[in-house]
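Notes to accompany the following structure.
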4 protein chains.
Amino acid sequence: MDIKEIQNKLAKFSAERDWDQFHSPKNLAMALTSEVGELNELFQWLTEEQSKNVDNDEIRQEIADIFIYILRLADKLNINIEDAVREKMEINAKKYPIDLAKGNATKYNKRDE
Amino acid sequence: MDIKEIQNKLAKFSAERDWDQFHSPKNLAMALTSEVGELNELFQWLTEEQSKNVDNDEIRQEIADIFIYILRLADKLNINIEDAVREKMEINAKKYPIDLAKGNATKYNKRDE
Amino acid sequence: MDIKEIQNKLAKFSAERDWDQFHSPKNLAMALTSEVGELNELFQWLTEEQSKNVDNDEIRQEIADIFIYILRLADKLNINIEDAVREKMEINAKKYPIDLAKGNATKYNKRDE
Amino acid sequence: MDIKEIQNKLAKFSAERDWDQFHSPKNLAMALTSEVGELNELFQWLTEEQSKNVDNDEIRQEIADIFIYILRLADKLNINIEDAVREKMEINAKKYPIDLAKGNATKYNKRDE
């Protein structure tokens with residue numbers, strides 16, 4: 001997947017509709033939140049087991065919506081998402097060494113800042 | 001960016017720590033929600049203008065966290081995120097034709113299901 | 001509990017700190033979202049069973065934070081929360097008649113608009 | 001408003017529909033999140049100024065939904081919400097002394113744990 005290419009398509013889509021006036025990072029964070037709310041709605045009354053076997057078009061679309069907004073937000077803030085993810089994975093590897101973190105929900109449960 | 005490669009690294013990271021027991025789609029949706037909450041916190045008292053000029057390490061990390069969890073969730077549900085995004089962009093193009101959607105916050109404001 | 005009295009105390013608290021400039025309904029909605037994100041974080045890796053037996057000070061504080069922000073938001077919008085809740089409970093009673101809704105997660109799972 | 005009375009009505013409403021099986025604290029936190037997502041959706045493309053003049057039935061209903069779920073969650077966890085709110089307001093008064101907090105978005109912006 002070429003992240004930059006998708007971001008460019010999304011930017012073009014927005015520019016053509018004169019929607020950039022609405023797409024401040026603050027507003028995009030709220031739009032992302034709405035989509036995550038819809039994702040929650042699909043899972044809220046399911047057991048964890050049931051949630052594993054859900055694969056319908058609604059969830060597919062919600063995941064796409066969230067993905068689209070996070071790409072758009074990163075683009076608007078000039079954040080290179082590939083670099084950010086790579087860096088975060090290195091931070092997490094140091095923060096959760098295998099021997100200490102193994103099967104450890106208590107530790108895992110602590111705030112991940 | 002090779003999405004599948006990142007998903008495989010995340011899967012390995014989780015397996016090594018015996019964390020798959022916690023990573024049901026339902027739980028991953030909640031973890032994603034926590035990260036989106038932290039993103040909101042960074043923007044909540046800023047004006048839209050101020051939000052455009054934020055580029056600090058915290059926001060960078062939150063965006064990475066959200067990206068990581070959405071990739072992980074899609075992987076657990078066997079949803080091909082590239083296909084899902086492509087399909088959703090086609091749906092949006094039909095749903096918001098340029099001439100009708102142009103600069104139109106009212107229409108835009110309607111629920112995007 | 002006298003809702004209006006709490007709202008007045010919150011309004012005074014904010015006014016004394018010159019925080020009204022930050023408390024637009026839009027911003028309060030984001031602040032509420034941050035708190036709900038923190039609530040999610042406390043539950044995200046717990047099973048449903050485990051979530052029933054949680055009663056620590058953190059959850060207590062998150063619930064208070066959410067309650068405080070929703071009261072503040074209603075106050076800023078001049079919405080009488082007691083009336084709104086009463087009306088919504090009547091709407092729900094009509095929307096989910098006992099005989100149709102009984103034990104019915106599928107029906108219950110539909111969007112509650 | 002008699003909080004306990006509303007909580008009892010909500011408990012009866014749920015029991016009559018055999019919905020208690022769905023109302024674990026974990027699930028209620030997700031349901032609350034869905035409602036907060038819908039609230040965000042109503043504000044996401046509005047300016048702060050515009051958000052001050054919104055007073056439609058949708059926002060009224062979302063606020064009621066959020067209020068209902070937070071009362072229900074507190075009830076399920078046996079948390080006295082009146083006490084929790086009073087305690088939290090005392091904590092906030094100590095945490096944000098007037099002379100230091102006045103008009104101070106930077107300080108205010110720090111994580112409220």
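The values are calculated or read from the model by the stated rules, or taken from the named source; none is laboratory data. None of these values were measured; they are calculated from a predicted model. Cβ atoms come from the backbone with ideal geometry, glycine included; neighbour counts cover every protein chain shown. The protein model used for the area step is the full one, side chains on, heavy atoms only, and it has no ligands, DNA or RNA in it. Shrake-Rupley method; radii C 1.70, N 1.55, O 1.52, S 1.80 Å.
Taking R0 as 35 Å, what FRET efficiency do you get between C:D2 and C:V54 from their Cβ-Cβ distance, rounded to the nearest 0.05?
Efficiency at R0 = 35 Å is approximately 0.75.
Rounded to the nearest 100 Å², what is the sum over both chains of accessible area buried where B meets A, with a probe of 1.4 Å?
Values: alone 9310 and 9290 Å², together 12030 Å².
What B and A bury together is about 6600 Å².
Check which residues have an amide H placed less than 5 Å from D:W19's amide H, if you skip close sequence neighbours.
So D:W19 has HN proximity to C:G103.
Report the accessible area of C:D20, computed with a 1.4 Å probe over the heavy atoms of all protein chains in place, in Å² rounded to the nearest 10.
Answer for C:D20: close to 70 Å² accessible.
For D:A15 and C:E87, what is the calculated FRET efficiency with R₀ set at 35 Å and r taken between the beta-carbons, to the nearest 0.05?
0.95
For B:K95, list the lysines whose Cα falls under 18 Å from its own Cα; do not include residues on the same chain fewer than 8 positions away.
Straight-distance partners of B:K95: A:K9, A:K12, B:K107, B:K110.
How are the Cα pair distances of chain A distributed, in percent, across 10 Å bins from 0?
Per 10 Å bin, starting at 0, the Cα pair percentages come out as 11, 29, 34, 22, 3, 0.
For chain B, what is the accessible area per residue in Å² when the probe is 1.4 Å?
43 Å²
Dividing the Cα convex hull volume of the stretch C:1-66 by residue count, how many Å³ per residue is that?
In the stretch C:1-66, the Cα hull volume divided by residue count equals 109 Å³.
How many percent of the accessible area of chain B is carbon or sulfur, using a 1.4 Å probe?
Carbon and sulfur: 47 percent of the exposed surface of chain B.
Would you mind checking the tilt of helix B:81-95 against the longest principal axis of the Cα atoms of chain B, expressed as 0 to 90 degrees and rounded to 10?
10 degrees
Can you give me the P(r) profile for the protein assembly as shown? Cα pairs, bins 10 angstrom wide beginning at 0, each as a whole percent.
Values per bin, smallest distances first: 4, 21, 32, 27, 13, 1.
Enter the Cα centre distance for the pair the stretch A:50-79 and the stretch D:1-71, rounded to the nearest angstrom.
24 Å
Relative contact order (percent) for chain D, with alpha-carbon contacts under 8 angstrom and 6 or more residues of separation?
Computed value for chain D: 31 percent relative contact order.
Average partner chain C-beta neighbours within 10 Å, per residue of A:12-22?
Mean shielding by partner chains, rounded to a whole number: 5.
Could you list log10 I(q)/I(0) for the stretch D:47-109 at q = 0.25, 0.28 Å⁻¹, which the Debye formula gives when each Cα is one point scatterer?
-0.93, -1.00
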